[in-house]
Every structure is written in C-alpha cells, then in structure tokens.
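A short write-up of the structure that comes next.
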Amino acid sequence: MTRLVLFGAPIAIVASIVFSGGDSEPPTVVRHAGGSSDSGSAAPAAEEADDHAEEIDALPPGLAAPAMKETASRLVSSAEASTLDWRSQYGAIEDVGDGTGYTAGIVGFCSGTNDMLQLVEGYTEKHPDNPLAPFLPALRTVDGSDSHEGLDPGFTDAWRRAAEDPQFRKAQDATRDRLYFEPAVRLAKMDGLGTLGQFIYYDAMVLHGPGVEADGFYGIRDAAMAVADTASEGGDEKAYLDAFLDQSRSAIKNRKVQRDTTRIDTAQRVFLREGNLELRKPLVWKVYGETFRLT
C-alpha cells in the first residue's frame, strides 16, 4: 500500500530543500488533484528546522544511523510490499488502482504523484541512454493523473530493465532520502522525537506524501499538534505520537480505497504501547494479518 494522495498543490516542498542543507535547486512545485493552493505550514516548519540546523545535526543519529535506517526500510517494506526484503522492490511496478497511476520501486514512486517523474528526470540527466528516457515526455503528461497515456505498452518492461542498473537503484535510494527520509527524520528531531517517532514520521511521509492538506503529512502533523504538544514543546512524547497516529489513521480511513490501518494498529501502535521509543530489537509486528520479526 502506497500513499494515495498527490503532493500539495501547488506547493513548494521547501522541507526537502532546507533539510538537505540549503544548497539544493529551487523548490519543487508539485500538485494535488483538487487540492488547495495554500502552502500551509510546510514552509514555516522547514524554516524553523533551518533556524535550528546546527542543533538538529548535533543530535544522535537516531533513525539515520545505518542499522536503524535498514530497520526502517524493512518496516516500510513490510507495509508497502509484504516483505522485509526491500531491495527486492527496485523493479516492482504495477497499477494498484488507487488513482495514482503506476506504483513502482522501493517506496512506491507513482507516475501520478510527481516523485516518479523527479526520479526518472534525475536518473536520465546523469544516464541519458537508459530504458526509461524515451518515456519522459509521457511521464510529464500523465503527472497528476492516473493515466497510462504514452506509457503503455513498454513502460513496465523498461522500468524492470532499468532496475537492473545499479545506478538506477542508487537513484531510487537518493530520491527516497531527499523527498521522504531526510525531511521526516530531521523534522521529527526538531519535534523532540526519539527513533520510533522519527520512523512514524518517515512512514507517514511515504504513505501520505508531503502534502499540507488534511490527508498529507504536514496536515496530519498540524492536526496532531492541535491535540497534543510535541516533546520539544514540553509535551509527553507518547501522548503526542498517539495523537499523530490517530490523525494518520483517520486520513487512511477517509480514503475510498486501500483503507487498511494495520501498519498503525498492529505495528507502530504496538511499539508505542510497549514504550519502545528507541525502536530497539527484537521487533514483532503484523501488517495485513501477516506477522514479521526483526531480531
């Protein structure tokens, strides 16, 4: 199950720019079908993180530590692909019928949600003679929709061929980190959250997309902050994370398709209830009724 909403519309995802250290290209403009044009609180949150960049960078690595990042990747993969072997998903691609076109790769990059377009554009810029390059015009055309126009036939085979290239796998890793992992982890640290909270933010960023609407990551964070103070505001970390998971769960339940909430109910909520705020192993959780273990 991947995020079912398009990114904020039209918003600048300033968070991914600020969190990468301020040397990036100008903010990316992405769209949300039927969404508002309000930039919401994403930019203020990013600016605040930028103001505290030195303090954030001085904190323990948390989820960014290599072993913890591997754990996070396996946890996300259990929910996205029902496997702990997240590296097996570089070549995965299908239309799951959720209105976002083709879903592919290690975090479900979608042809309708701009992240797939960013991935293929960046990969093609460095490696112009790749199997996906001929499909770039079509990807630009279908961006923001569920259309396959210009992608069929051939795109799925081209994706699988590209996934055999180690450089394309590296490009997927880099795009995941830039759009989802790094912004989520750094914002979680700013909010005073431990490793579990950082993972909860990351999973929500992947699942919901970095939108500012009620069903996007920043909208969910805003709603949670209206209910409970973050740890950095002096609040109780577990109470805040409970509120965040409540809002994330509500956003899932309000969807028309793929409304399963087990990645929260029998995974993240279990870790939180156990008080495992540092996400220490062993970890046992269920997604879609299947039990997973990390020891």
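Using a cut-off of 14 Å between beta-carbons, work out the net charge of the residues near Q167 (Lys and Arg +1, Asp and Glu -1, Q167 not included). Could the numbers behind the result be given before it?
On the way: positive: K126, R161, R169, K170; negative: E125, D129, E164, D165, D173.
Neighbour charge sum, excluding Q167 itself: -1.
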Expected unfolding gain across Y288-L136 under the 0.36 nm per residue rule, minus the alpha-carbon gap, is 51.2 nm
In the neighbourhood of L63 defined by beta carbon distances under 11 Å, the net charge of the other residues (Lys, Arg +1; Asp, Glu -1) is -1
Which shape class, rounded, prolate or oblate, goes with the range 202-295 when its Cα gyration tensor gives a ≥ b ≥ c as root eigenvalues, a/c under 1.5 marks rounded, and past that a/b bigger than b/c marks prolate? oblate
If we sort 201-211, 92-102 on the protection proxy, mean other Cβ atoms within 10 Å, highest first, what's the order? 201-211, 92-102
Hey, any idea what Rg/Rh is for the range 11-294, computing Rh the Kirkwood way over Cα pairs? 0.95
Got the relative contact order for the range 65-107 handy, in percent, Cα pairs under 8 Å and 6 or more residues apart? 30
Using only Cα atoms, figure out Rg for the range 90-168 and give it as a multiple of 2.2 N^0.38 Å. 0.96
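Computed from the coordinates by the stated procedures, all read-outs in this text should not be read as laboratory data. Treat the numbers as computed from the prediction; the structure is a model and nothing was measured. Note that we place each Cβ from the backbone using ideal geometry, even for glycine, and neighbour counts take in every protein chain shown.
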